[in-house]
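Data block below; observations after.
The values are calculated or read from the model by the stated rules, or taken from the named source; none is laboratory data. None of these values were measured; they are calculated from a predicted model. Cβ coordinates were reconstructed from backbone atoms using ideal geometry, including for glycine residues, and neighbour counts include every protein chain displayed. Quick note on the areas: whole protein, heavy atoms, side chains included, nothing else; ligands and nucleic acids left out. Shrake-Rupley method; radii C 1.70, N 1.55, O 1.52, S 1.80 Å.
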Amino acid sequence: MIPDLLVVGSGPAGAQAAKAAIDAGASVQMLDFGNDDPAGRASVPDAPFSVVRRTDPEQARYLWGARDVWNPYEGNRVAGHLTAPRAFALADADRLLPVASDTFTPVRSLALGGLGAAWGAGTPCFEDHELVAMGLPVEAMAAAYDEVVRDIGVSAAWDDDTAPYVLRSRATQPAAEPDTNARALLAAYARRRDAVRAAGFTLGRAPLALLTQPIRRPGCERDANPYFDMDFYGDARRSIYRPRYTIDELRAHPRFTYTEGVLVHAFASESDRAVVHGTDRRGEPVAFAGRRAILATGALNSARIALRSFGIAGERQPLLSNEMSFLIALNLAMLGRTADDRRHSLAQLLAIYAPDYRGGERVAASIYSYRSLLNVRLATEFPMPTRLGVPTARLLTNALTIAGVHHPERRSARKWVALARADGDLLNAHYELDGDERRANARDAAGIAAVLRRLGCVTLRRIATPHGASIHYAGTLPMRAPGERAPLQTDEAGRIVGAERVHVADSATWRALPAKGLTLTIMANARRVARLAVETLRAEARA
Amino acid sequence: MLTRLQPGQAEIERLARRETDPRRAASFEPLALGPLPTVLALAALGIAAALVALPRLLVRLVSERGAR
Ligand SMILES: Cc1cc2nc3c(=O)[nH]c(=O)nc-3n(C[C@H](O)[C@H](O)[C@H](O)COP(=O)(O)OP(=O)(O)OC[C@H]3O[C@@H](n4cnc5c(N)ncnc54)[C@H](O)[C@@H]3O)c2cc1C
């Protein structure tokens, strides 16, 4: 007996595709490389950051790690650290999911939970016009958003000005408490609201996959966030959604199996089954069959696997990725003031900026305070000896405000991926902006900096990150449409044209990529794709 | 020139070890001295940093002149 569905990948897309398929009555075998670090996780105490700092002699292990493990922003260390307990999310990926490029530095994962093992849990929804541009059906997506929001738990503020841009499912939990710095910014925004709204800027609490109320159901016990400010390190209460929690929940189900240690290279779509070919951890070939297969390996990896399956080398598939820059600012209202230790560590606020020159497209800026990271990270950024840098960092910490700005994306012939050799895994990538794009991005950042100034912040620096550092990727196996010329395309059900039994559940199929966090939409779409795959199986069985 | 004053990896490691020693945690925590004392303290630190940088800057300028 072969399973109804093979689901490749356990990230946000794979986990939610599998869950929807199981809920729809199908049997699922999940194939995954599945790196994990349970020991690292277990070493992080369930206690407030301020208490841990003063009591735990072992804290260096998780607060610092053996050394700084990863830095996607190269020289720009401000927000680029993946803390030690999250480092496993990127293990082996450079070697086993190779990408060669002088212009694009993407982040990939071979972890249980994928990049979702490390994500920041920002969960805006996309608006109707955005879904239409991406090629996604609005009504089906609205229903799927509802399911995901219920399943993973999303906290959100419906009374904030940003709500119409980022919220659509009413199944949300109450918003998380903003920290002291965020409260000061919201108060400044309330005072200047009319003026900054006229400039196209709205500010609200960030929608987050962070529980403010517990979730209890068979196989799933998750608690509300305790505001310990330890969210970059541990999550003993499972308050911030990780795809691993879904896999744990599914493992208890008799129709679900999880097979780890498989690196998938290719698939074959046969008359009555899909066959997935890979290698195990020793490099030995392995193959698995299912009645259909769902690729959920992340937009870049799914393109690699699909291109290799068709033996297409040297031909370009489109690539979408939001550009990202950081604005480092001081909130003067917080200078010299105390800040509560009670807080969560994720993005506090989300700004949506829709200036006229963007013609309806939104720029999204996640706003963070700088806490629960070691002082040394900040102190060593200053051009001064550390004995001066340490007190400077201590004086600035409570006022430091960081805006991670995501810019809208345009498809272009200068952004592409292609397989280097038909029988290999090496993906070539290229990403280049034209002058108009660069100017618009700079204008976005300048516009947001100007608003931050009106809210009482001084901007110290704008840091442009390398292409690909946003960790927002899409569009590599685009849904077919009139005029679409990509060698490999998908249909509305996520099926790869030419491989009837293979569906793609991640963001590879999207024709556009809004600037807001994409992962909630990845999860909703994965559910939609999985359900369509199950419906097709049913129709086949009836025929 | 200024980046030369930034610490190397060994210095960063040494600092991180000190900071993650619970007995020293307090001397790395955020300081809240009130707005005015904070501005004054920052100004003093800025002046101190400039003074530390000055000799190196002079040495560099002189040696660059010499090299030309
Ligand atoms: C630090 C950080 C912060 C982030 N913050 C946010 C945020 O706040 N909001 C937001 O929307 N997004 C955020 N993201 C991005 C988010 O994590 C990704 O959009 C999301 O994880 C993509 O999901 P995916 O399932 O498509 O792919 P992935 O998460 O990449 O999962 C891919 C899965 O496929 C498996 N896999 C891959 N290739 C193979 C192969 N060849 N064989 C077998 N298995 C394979 C991997 O093991 C993994 O399980 C963040 C990411 C990072 C790293």
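Brief remarks follow.
- Residues in region A:101-139 that are within 11 Å of the ligand (Cβ to nearest atom) and assigned to a helix (DSSP H, G or I): A:Gly114, A:Leu115, A:Gly116, A:Ala117.
- Top-ranked residue of region A:258-271 - restricted to ones that are open to solvent by 70 Å² or more (accessible area, probe 1.4 Å) and away from the ligand (no atom under 15 Å from the Cβ), ranked as nearest to the chain's Cα centre (by Cα): A:Glu270
- Of all residues in region A:236-269, those satisfying the criterion of being under 16 Å from A:Ala289 (Cβ atoms) and outside any loop (DSSP other than H, G, I, E, B) are A:Thr257, A:Thr259, A:Val264, A:His265, A:Ala266, A:Phe267, A:Ala268, A:Ser269.
- So A:Thr521, is it of a type in the set (Ser, Thr, Tyr), farther than 22 Å from A:Phe288 by Cβ, within 12 Å of the ligand (Cβ to nearest atom) and not in a loop (DSSP other than H, G, I, E, B): yes
- Filtered residues of region B:43-53 (kept if open to solvent by 40 Å² or more (accessible area, probe 1.4 Å), within 8 Å of another protein chain (Cβ to nearest Cβ) and modelled with pLDDT of 95 or more): none
- Any hit, region A:284-305, residues being within 14 Å of another protein chain (Cβ to nearest Cβ), part of a loop (DSSP other than H, G, I, E, B) and of a type outside the set (Phe, Trp, Tyr): no
- Set A:Ala306, A:Ala329, A:Ala274: member being within 12 Å of the ligand (Cβ to nearest atom), modelled with pLDDT of 95 or more and surrounded by 19 or more Cβ atoms within 10 Å (Cβ to Cβ): A:Ala306
- Scanning region A:427-473 for residues that are in a strand (DSSP E or B) and either closer than 25 Å to A:Arg308 by Cα or in contact with a Lys or Arg (Cβ under 9 Å, 6 or more places away or on another chain) (or both) yields A:Leu427, A:Asn428, A:Ala429, A:His430, A:Tyr431, A:Thr459, A:Tyr473.
- A:Pro98, sole failed condition from (1) within 6 Å of the ligand (Cβ to nearest atom); (2) over 14 Å from the mean Cα position of the chain (by Cα): (1)
- Within region B:10-34, residues that are within 7 Å of chain A (Cβ to nearest Cβ) reach no partner that is open to solvent by 50 Å² or more (accessible area, probe 1.4 Å) and among the acidic types (Asp, Glu) with beta carbons closer than 8 Å at six or more positions or on different chains.
- Single unsatisfied condition, A:Met230 versus (1) of a type in the set (A, V, I, L, M); (2) farther than 30 Å from A:Val52 by Cα; (3) not in a helix (DSSP H, G or I): (2)
- Members of region A:196-216 found to be touching a residue at least 12 places away in the same chain (Cβ under 8 Å), open to solvent by 10 Å² or more (accessible area, probe 1.4 Å) and out of contact with any Phe, Trp or Tyr (no Cβ under 9 Å at 6 or more places or on another chain), listed by number: A:Arg197, A:Arg205, A:Ala206, A:Thr212, A:Gln213, A:Ile215
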